[in-house]
Ligand SMILES: [Zn+2]
């Protein structure tokens, strides 16, 4: 079964062609050639774009390729290929080659007036070779790029491309804000929804979409493969944000800001200029609460790559220590609901402290709010408002760094921090008599 992207590529390339954007049309046809190399139509179409772009030798090569592939019983495609190759060869000064192609064009039923006009050009040996750029990058500059770059895209070794700090970046700094190319804020789109959204893309945006990685090329559906490889849980397809690689010890975090329909990335730690910026592709507990094997299995299933990040690439001994810490964090999280909040308050807060400290030891600088939030709730139950404020402060600080000051998550944390007694918790203030002022990070 042929890949559904082929029909879309044809439509969008022809749209770009009509707009006079031959570069985009040519790149779109190149994708068709790569996806479906046995069909002569794709090199034939691309040869015309090459002619328009005065890329004579590329046009000649494509026409030759189309002729070799052509199985048509009618002469339609052959005629076009001979005609295009004739023009390319004439432009390059290959008069003999051009003359032969023109004969072949005529003998396959090429229009008489075209033959005559072309013959005149060959006779007068008009050759206007022009220098053209040898390479035109498929990667277009993103329109959403901030004017003062906090990062740049560069070769990241076996990971392909990656994002690197363009200057020293500090915890809580906004690294990227970007409007999604295909916004699906809340859920995974159905195939029909995705196809409809793709139909509405401009030819250049389709090209940008196709420049993204597809870790499932074997499955035969390019749109689906690229979407699933790159889509964010919230926010759909975001081009620049997709260029940031994964680490199980990330120094940055992405989040979708619904109020502005932007995907954003904030720094979790200090990132010196030149260092690679990593986000986590896995949800919180599946990264800070999972062993190397568990994380690698999850990433392989989700993204089809073997993670060799700073945490996964540790030597055996250090890796065992890292696994032990993450397993303990996970087990703390799982045990927390079993504590009796009335009688086990102190022990509860002590394991919260333990969990957050283990995260720090592990070099994991996100999600302390998961635990601190529970600690704040417990202190509220005991009406220890000072301690509640302390833990709300940890939640607030973490969320500012993770999501920015203007996110809904952060607004709530700020309100609780500023007025702990206003907390919306059914058990707030039900116990009295205990204070936890001595249990802090
Ligand atoms: Zn990893």
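Scanning segment 86-96 for residues that are at pLDDT below 90 and surrounded by 15 or more Cβ atoms within 10 Å (Cβ to Cβ), we see that the one that is farthest from residue 59 (Cα to Cα) is 94.
Residue count for segment 272-290, restricted to those that are assigned to a loop (DSSP other than H, G, I, E, B) and within 11 Å of the ligand (Cβ to nearest atom): 4. Scan segment 34-52 for residues that are surrounded by fewer than 19 Cβ atoms within 10 Å (Cβ to Cβ) and either more than 18 Å from residue 85 (Cβ to Cβ) or under 32 Å from the mean Cα position of the chain (by Cα) (or both) and the total you get is 6. So, in segment 309-339, of the ones that are in a loop (DSSP other than H, G, I, E, B) and more than 11 Å from the ligand (Cβ to nearest atom), which residue ends up nearest to the chain's Cα centre (by Cα)? In this case the residue turns out to be 315. Filter segment 232-250 for residues that are modelled with pLDDT under 85 and touching a helix residue (DSSP H, G or I) at 6+ places or on another chain (Cβ under 9 Å); which is farthest from the ligand (Cβ to nearest atom)? Step by step, filter segment 232-250, then rank; the result is 236.
Every residue, every condition in (1) closer than 28 Å to residue 33 by Cα; (2) in contact with a strand residue (DSSP E or B) (Cβ under 9 Å, 6 or more places away or on another chain); (3) in a helix (DSSP H, G or I), yes or no:
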{"site": "71", "(1), (2), (3)": "yes, no, no"}
{"site": "83", "(1), (2), (3)": "yes, no, yes"}
{"site": "87", "(1), (2), (3)": "yes, no, yes"}
{"site": "97", "(1), (2), (3)": "yes, no, yes"}
{"site": "102", "(1), (2), (3)": "yes, no, yes"}
{"site": "106", "(1), (2), (3)": "yes, no, yes"}
{"site": "115", "(1), (2), (3)": "no, no, yes"}
{"site": "118", "(1), (2), (3)": "no, no, yes"}
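Restricting 299, 306 to those that are within 15 Å of the ligand (Cβ to nearest atom), part of a loop (DSSP other than H, G, I, E, B) and either touching a strand residue (DSSP E or B) at 6+ places or on another chain (Cβ under 8 Å) or without any contact (Cβ under 8 Å) to a residue 40 or more places away in the chain (or both) reduces the list to 306.
The values are calculated or read from the model by the stated rules, or taken from the named source; none is laboratory data. Because the structure is predicted, anything quoted here is derived from the model rather than measured. Note: ideal-geometry Cβ built from the backbone for every residue, glycine included; neighbour counts use all protein chains shown.
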